[in-house]
Structure formats: C-alpha cells, structure tokens
Number of protein chains: 2
Amino acid sequence: MSDDIRLTPIGRIRTPYRTLAECPKWPDPEGPPARIELLEAYLPGLLGLTQRMGETSGEIDVLYWFDRAPRDLLISTRPHDGITRGVFAMRSPHRPNPIAVSRVPLLSIDGNVLTVGALDCLDGTLLLDIKPAPRDEPHPH
Amino acid sequence: MSDDIRLTPIGRIRTPYRTLAECPKWPDPEGPPARIELLEAYLPGLLGLTQRMGETSGEIDVLYWFDRAPRDLLISTRPHDGITRGVFAMRSPHRPNPIAVSRVPLLSIDGNVLTVGALDCLDGTLLLDIKPAPRDEPHPH
C-alpha cells in the first residue's frame, strides 16, 4: 500500500505543558486556553472563518501531530483506569497515525494567532489542519 | 519546520463512487453505508471497540486521505453555492493536509471489515485512522 503520504506542518500549538507528564489526558473544557500560531504563509486560509463561526457552533476541529507517540502499538492499557483495548477503540495518542482531532471553541483571532479552548498537547506541537465544525443538518463536509 | 511526517495507510474505504463527480459534497446521513476494510495486520486494534460503542453514541471518527485534492490552494470557491472562503473556514478536501474527518455510526463489525454510515469519498480511498467518538463529559481524548 502506498507509503507516499507526507504531511506539511502549518503552524504550532502553544500550551502551558512542557512535559508529557504535565499534559492532561484529554482536552479539559475547564482548562486554560491554547494558542494556535499559524505560519504566516497560510494566513489567507483563515478568510471568512469568523463569518462561518457565526453560522455554526463557534467551534473548530484542530488536527495536530503527536510526534512522540509510539506508532507500533495496536493494543494499549490506559494508565488512568487500567482498561486494555485496541488503539482504534481509544482516542489515545498511541496509534499507527498519531493524528489528534479535538473540537474546541474558537475564542478569538488576531492575525495568524487563534485563541481556542484548552488542548491536551505539549507546547510547540505541530499543527496539521483547522476545520470549522460541521453544520448540524445536513452534515456538510 | 519539520517535513518528516509520514502517514501509513491502514486500509481502504469502499463506497459506490468511482469518479469525483459521483461523490456527494459531504457525507449524507441518508446515503448508502460505506465499508471500511482494515488491513489484516491492524486487526488487534479493534479489540474492545464494540464494548466502547455501547458506552457512547455508537459513532466513530473516520480519518481518510483525499489523495487527489490540490494542496496548494488557500482560498477556494465552493461549487455548490459559490461562496469564496479560506480553506480553514471550509471542510473542503482542498487544503494543505487533505485529511478528512467524518463522524459516522458504526453499523457492524465482521472481522477486519466495518460497515459504517455513508461517506463522501471515492471507492478505494486510503484509511488513516479510526477513533471512537468522544464521551460526552468530560471530553475524553
């Protein structure tokens, strides 16, 4: 099967977490806002995002890369509750393609910097994509 | 910025759509079920997925790769309504990292084949990841 898929980081995510031990197990809605620093070259891609937020829930899907996650695990035991499951039955970072998808409120946009709800990743994590949350019905892509 | 991110396809998605023109603009909840064929090597990763579905909404997030999408567009005009926006204000396949994320009901699992709600992609599309939908509260990763 093709192994020719390459991703291009489009920015970085700023959080208060400098070590994996500090990272929360999942994005805590009560946690501190995160900052998304989009590379300047991608700034035109934000055109109309504020308007779209007004039409929907005001949330975005943030895709980022868990670069330190092991990719060769297929079964994993969650440290916080001891449950052992396949990686496709969990949202753990440990998976063949460790892409995180988190839906968070978009709080503000200032140039190429987006302030969003709390994320769970290390400071400096590579940003892969930003998508507006889907409209309710019909589910637009 | 690092350009060293490579994805490993873990299977293929089977849909009735053989050409881009046939593909719906987004996953239509009323559309025909799609079939996810996970490579046999990744079968252990499904362990416990049925149980997890019973604890949540019964939905999974399917991540797949729009291999034919142009990656150099930052602003795009949607053909179906003529709206021009930045690619991060749309869920269009045209984006720097054309990873699709669709939340669909998991209808059945038979070995390495998952039948799920309708998807919008070409037959044979490369599968990147399967994640159970998050629990409601607190939002688990």
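The values are calculated or read from the model by the stated rules, or taken from the named source; none is laboratory data. Remember, it's a predicted structure, so these values are computed and weren't measured experimentally. Quick reminder, even Gly has a Cβ in these numbers, built from the backbone with ideal geometry, and neighbours come from all protein chains shown. Heads up: the accessible areas ignore ligands, DNA and RNA and are worked out on the full protein's heavy atoms, side chains in. Shrake-Rupley method; radii C 1.70, N 1.55, O 1.52, S 1.80 Å.
Each copy carries B:Glu55; placing its label point 7 Å along the C-beta direction from Cα gives inter-copy distances of 3.7 nm, listed from smallest up.
Across peptide B:96-109, the average count of Cβ atoms from other chains found within 10 Å of a residue's Cβ is 4. Peptides A:115-127, B:11-23 ranked from most to least packed by the mean count of surrounding Cβ atoms within 10 Å: A:115-127, B:11-23.
Taking amide H as placed 1.01 Å from N in the peptide plane, A:Leu119 has its amide H under 5 Å from the amide H of A:Ala34, each at least 5 places away in sequence or on another chain.
In this structure, the amide hydrogen of B:Ile60, modeled 1.01 Å from its nitrogen in the peptide plane, lies closer than 5 angstrom to those of B:Val104, B:Leu106, B:Ala133, counting only residues at least 5 positions away or on a different chain.
Per residue of the protein assembly as shown, what 222 nm ellipticity follows from adding -39500 (n - 2.57) for every DSSP H run with n ≥ 4, rounded to the nearest 500? If you can, show how the numbers build up before the last one.
Values: 2 runs with 14 residues, N = 282.
Helices in the protein assembly as shown give a 222 nm mean residue ellipticity of -1000 deg cm²/dmol.
Here the protein assembly as shown is treated with +1 on each Lys and Arg Cβ and -1 on each Asp and Glu Cβ, and its dipole about the Cα centre works out to around 240 debye. Which one of B:Ala34, B:Leu20, B:Ile109 is farthest out on the positive end of the charge dipole of segment B:11-132, using unit charges on Cβ (Lys, Arg +1; Asp, Glu -1) and the Cα centre as origin? Comparing the listed Cα positions along the dipole, B:Leu20 ranks first. With one equal scatterer per alpha carbon and no solvent term, the Debye-computed log10 I(q)/I(0) for segment A:63-126 at 0.19, 0.29 1/Å reads -0.80, -1.29. Please report the buried accessible area for the interface of A with B, total over both chains, probe 1.4 Å, in Å² to the nearest 100. In total, chains A and B hide about 6200 Å² from solvent. Computed from point charges on the beta carbon alone (+1 for Lys and Arg, -1 for Asp and Glu), the dipole magnitude for segment B:11-132 about its Cα centre is near 380 Debye.
Binning the alpha carbon pair distances of segment A:13-141 at 5 angstrom intervals from zero yields the distribution 2, 10, 18, 21, 19, 15, 9, 5, 1, expressed in whole percent. Computed from backbone phi, the HN-Hα couplings of segment B:33-41 come to x, 9, 10, 9, 9, 6, 4, 3, 4 Hz, rounded to whole numbers (Karplus: 6.51 cos²θ - 1.76 cosθ + 1.60, θ = phi - 60°; Gly and Pro given as x).
Please compute the per residue accessible area over the protein assembly as shown with all protein chains in place, 1.4 Å probe, rounded to a whole number of Å².
So the protein assembly as shown comes to 44 Å² accessible per residue, rounded to a whole number.
Carbon-plus-sulfur fraction of the accessible area of the protein assembly as shown, 1.4 Å probe, in percent? Let's see the in-between values first.
Working: 6310 of 12390 Å².
Looking at the protein assembly as shown in its full context, I get 51 percent from C and S.
What FRET efficiency comes out for the pair A:Asn112/A:Asp67, r = Cβ-Cβ distance, R0 = 25 Å, nearest 0.05? Efficiency, rounded to the nearest 0.05: 0.70. Peptide packing for B:69-75, A:46-52 was compared via the average number of neighbouring C-beta atoms within 10 Å per residue; ordered from the highest value, the list is A:46-52, B:69-75. In segment A:6-89, one over the average inverse separation of all distinct C-alpha pairs is 16.2 Å, which is the Kirkwood hydrodynamic radius.
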